[in-house]
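A short write-up of the structure that comes next.
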Amino acid sequence: MQNSPLYFTKIERVGTVLFGVILVGLLWLPNWWRPTDDVPTAELAALAAEVEDWAADTTIEPTRDTERVSNPTSSPQAATPFDPNAPTRELLAAAGLGNQSIRAWLSYVRKGGQFRKWADVEKFRALSAAERNALRPLLRFPGQPNRLPATDESSSPAVTAVLPAAPFDPHAVTATELQSWGLSQRAARNWTRYTSSGGRFRVAADAGKIYGITEAEVERLLPYIKVPAAEPSANATESSPPKYTPRPVFAGTIDINQATAEEWQQLRGIGPGYSRRITNFRDKLGGFHSVDQVAETYGLPDSTFQAIRPQLTASPVLQLLRINHLSVEELAAHPYVRYREARLIVKYRTEHGPFADFSALGKLYGLQAEQRERMAPYLAFD
């Protein structure tokens, strides 16, 4: 049988079967292959829109040096005010932006970016300093008054700012006059509020400190601001003694548990603020059991405490915490007892009964030994 011409080996039989399978697959291939003519029209339209959008952003345009003369037969478009969130390529080009900056701006807005105020434009890194300066008088932000600077030739007569007719006293000017000179209503109002509340201009440049005023407005008004010279007091003479009299040095001692805030202020370096903090901290503690506790007062410099420490004495006047009777909130009100620790104390007391003495606190898991020692002088176990 092996010498018969119709005999096939095992490998030949397997190859014949595989060839048949491949042949059948090729015959059915036209039924499986999806012709390009069957692509839905909607998908083709979306693809065309994406290609067109990409082409708009990547069109090869002239360089920055020649972009202004790309069409010598047409006159350049004049720069006009516009909403920064709804610009066109022509408006941005007329405002002085280069091609790269225009593409970046249009792409940012198209993707949902918003310019709500001038600070948003300053954060837009695609612009150069010269482009920002060119844009500043042209942008009209939503919700803000459409006011142009006085130097903008496109301003209408209704909003054109005029310069003061003569130098003026910044303390006597009115909001109406300031607005007529180009200041916004907010800046003019802040100016008059500042002066009416006692604010003073020492030099003309102090106008730049008014909230809401721009640098351009300050530069325009600066030559006309005349700050009156300070009038000397009628009783002032060269031989007059200085108004400040040094406070006499207090050499005595004070009781840290009984001294008032005024008595604390006798100490060198202790003013009304520190004295109030010390007495408030003492009242929350229930009294100082040690002079060193004064150093724990919030914000008190260690150098100040070390300087006054020899003048401090402590009397045993303490308000104790009745640990077996107080609630969680009452315990947690003490500076040395945190709320979590107050809950542990009350929970243990509820489950096991009152604490017999200080050693019983050692059974509380979570109450550190250092914390127990800080609390010890203030605890009563009655």
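Could you list, in sequence order, the residues of the range 328-338 that are assigned to a helix (DSSP H, G or I), under 17 Å from Ala376 (Cα atoms) and either of a type outside the set (A, V, I, L, M) or free of Cβ contacts under 8 Å to residues at least 12 places away in the same chain (or both)? Matches in the range 328-338: Glu330, Ala332.
In the range 320-329 there is at least one residue that is β-branched (Val, Ile, Thr) and open to solvent by less than 60 Å² (accessible area, probe 1.4 Å).
Here Tyr298 passes the criteria (1) in contact (Cβ under 8 Å) with a residue 40 or more places away in the chain; (2) in a loop (DSSP other than H, G, I, E, B); (3) open to solvent by 20 Å² or more (accessible area, probe 1.4 Å) except the one numbered (1).
For the range 301-319, give me each residue that is aliphatic (A, V, I, L, M) and open to solvent by 40 Å² or more (accessible area, probe 1.4 Å). Matches in the range 301-319: Ala307, Ala314, Val317, Leu318. Return yes when Pro149 is at pLDDT below 75, surrounded by fewer than 17 Cβ atoms within 10 Å (Cβ to Cβ) and touching a helix residue (DSSP H, G or I) at 6+ places or on another chain (Cβ under 7 Å) and no when it is not. Considered against the rule, which asks whether it is at pLDDT below 75, surrounded by fewer than 17 Cβ atoms within 10 Å (Cβ to Cβ) and touching a helix residue (DSSP H, G or I) at 6+ places or on another chain (Cβ under 7 Å), Pro149 comes out as yes. Of all the listed residues (Arg220, Arg193, Arg202), the sole one being assigned to a helix (DSSP H, G or I) and open to solvent by 60 Å² or more (accessible area, probe 1.4 Å) is Arg193.
Filter the range 344-356 for residues that are in a loop (DSSP other than H, G, I, E, B) and open to solvent by 70 Å² or more (accessible area, probe 1.4 Å); which is modelled with the lowest pLDDT?
Going through the range 344-356, the residues in a loop (DSSP other than H, G, I, E, B) turn out to be 353-356.
Applying the additional criterion that residues be open to solvent by 70 Å² or more (accessible area, probe 1.4 Å) yields 354, 356.
Values: Pro354: 91, Ala356: 87.
Ranking the candidates gives Ala356 first.
Scanning the range 104-111 for any residue that is assigned to a loop (DSSP other than H, G, I, E, B) and at pLDDT below 50 turns up nothing. Comparison of Leu379, Leu320 shows that the only residue that is touching a Gly at 6+ places or on another chain (Cβ under 8 Å) and among the aliphatic types (A, V, I, L, M) is Leu320. A count restricted to the range 355-382 and to residues that are under 27 Å from Asp283 (Cβ atoms) and touching a residue at least 24 places away in the same chain (Cβ under 8 Å) stands at 11. Going through (1) open to solvent by less than 60 Å² (accessible area, probe 1.4 Å); (2) within 38 Å of the chain's Cα centre (by Cα); (3) modelled with pLDDT of 90 or more one by one, Val291 falls short only on (2).
Looking at Glu341, is it surrounded by 16 or more Cβ atoms within 10 Å (Cβ to Cβ), acidic (Asp, Glu) and farther than 30 Å from Asp382 by Cβ?
Working: surrounded by 16 or more Cβ atoms within 10 Å (Cβ to Cβ): yes; acidic (Asp, Glu): yes; farther than 30 Å from Asp382 by Cβ: no.
Criteria not met by Glu341.
With respect to Arg268, determine if the residue is modelled with pLDDT under 90 and loosely packed, with under 11 Cβ neighbours inside 10 Å. Against the criterion (modelled with pLDDT under 90 and loosely packed, with under 11 Cβ neighbours inside 10 Å), Arg268 does not qualify.
The values are calculated or read from the model by the stated rules, or taken from the named source; none is laboratory data. This is a predicted model, so every value here is computed, not measured. Here Cβ is always computed from backbone atoms with ideal geometry, including for glycine, and neighbour counts include all displayed protein chains. Remember, those area values only see protein heavy atoms, side chains included, never the ligands or the DNA or RNA. Shrake-Rupley method; radii C 1.70, N 1.55, O 1.52, S 1.80 Å.
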